[in-house]
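Chemist: Here you go, one structure.
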Amino acid sequence: ELKVEQNPLFLSMQEGKNYTIYCNYSTTSDRLYWYRQDPGKSLESLFVLLSNGAVKQEGRLMASLDTKARLSTLHITAAVHDLSATYFCAGPDYGGSQGNLIFGKGTKLSVKP
Amino acid sequence: DSGVTQTPKHLITATGQRVTLRCSPRSGDLSVYWYQQSLDQGLQFLIQYYNGEERAKGNILERFSAQQFPDLHSELNLSSLELGDSALYFCASSVGPGMSTDTQYFGPGTRLTVL
């Protein structure tokens, strides 16, 4: 079964700073998903990365995928308070649950003024 | 708003009871997925239906069952409830049968509290 590990699990940032969240996964996968969850709310799809070297950007967030290293990163540029949330990466579990998503534990991001 | 609806939003019940959670997928989506989110286990895939048929099973207990109806809405039935079943239950939907590039869109969730 696919294992997905995120780090850090908790991240406290100051507004205006940059930081990166890392997502490592255990078996070969050709795609990776990033979701955002606000406290007590649903998961919102941020990015779908479909190939090695894929890079996607939306506002202050940029995600990339390196399938050879089994690594995806979510880079935050000039953080603002509105980015405070929990961020999950997820990969399809081809070997286990037929391609359904296996999620990391999430990175709880807190952006302070 | 993802277009996926779930009812009820909150459910409080006692141990040993049975409850039914309901999900309506986005218009045009044929797949429905159920996930459980708890503090100790994180987000776990339970079960998937595609166009009325069970497609994949994850870490779903035998006390839990689900079905997808002809109008594509889905119900998750939880029986003989235990304290440890308290969690947030999400439904997600996608266009295709899984193992594809489809994004899964999540509903608002049902928060189940078992007392």
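None of the figures in this text is laboratory data; all of them are computed from the coordinates on show. Keep in mind that what you see is a predicted model, and the values were worked out from it rather than measured. No Cβ is skipped: glycine too gets one built from the backbone with ideal geometry, and neighbour counts run over all protein chains shown.
Chemist: Binning at 10 angstrom from zero up to the longest distance, how are the C-alpha pair distances of segment B:18-75 distributed in percent?
Modeler: With 10 Å bins starting at 0, P(r) equals 23, 54, 21, 2.
Chemist: Here's another thing I want to ask about it. In what order do A:Asp30, A:Asp82 fall by count of nearby beta-carbon atoms within 10 Å, going from fewest to most?
Modeler: A:Asp82, A:Asp30
Chemist: Along the charge dipole of the protein assembly as shown, Cβ charges K/R +1 and D/E -1, which of A:Thr73, A:Leu11, B:Ser38 sits furthest on the positive end?
Modeler: So the residue furthest toward the plus end is A:Leu11.
Chemist: Which order do A:Val55, B:Val4, B:Val114, B:Val95 fall in if you start with the one that has the fewest other Cβ atoms within 10 Å?
Modeler: A:Val55, B:Val95, B:Val114, B:Val4
Chemist: Here's a follow-up. With the Cα gyration tensor of segment B:34-115 in hand, convert its eigenvalues to equivalent ellipsoid semi-axes via √(5λ) and list them largest first in whole Å.
Modeler: 22, 14, 11
Chemist: While we're looking at this one, here's another question. Give the Debye-formula value of log10 I(q)/I(0) at each listed q (0.15, 0.25 Å⁻¹), with one equal scatterer per alpha carbon of segment B:76-115, two decimals each.
Modeler: -0.50, -0.83
Chemist: For chain A, what is the relative contact order in percent, using Cα pairs closer than 8 Å and at least 6 residues apart in sequence?
Modeler: The value is 37 percent.
Chemist: On to the next question. For segment B:1-110, which GluC sites (Glu not before Pro) are both in a DSSP coil and crowded by at most 13 other Cβ atoms within 10 Å?
Modeler: Of the GluC sites (Glu not before Pro), the ones in loops of segment B:1-110 whose Cβ has at most 13 other Cβ atoms within 10 Å are B:Glu62, B:Glu82.
Chemist: Separate question: Quick one: what do you get for chain A if you divide its Cα Rg by 2.2 N^0.38 Å?
Modeler: 1.02
Chemist: Under 8 Å for C-alpha pairs, at least 6 residues apart: give me the relative contact order for chain B, rounded to a whole percent.
Modeler: Reported relative contact order: 37 percent.
Chemist: Over the Cα atoms of segment A:1-53, what Rg and Dmax result, in angstrom?
Modeler: 13.3, 38
Chemist: Sticking with this structure for a sec: Within 10 Å of each Cβ in peptide B:24-36, how many partner chain Cβ atoms are there on average? Round it to a whole number, please.
Modeler: 1
Chemist: Another question, if that's okay. Against the 2.2 N^0.38 Å scaling, with N counting residues, where does the protein assembly as shown land? I'd like the Cα-based Rg ratio to two decimal places.
Modeler: Against the compact-globule rule of thumb, the ratio is 1.01.
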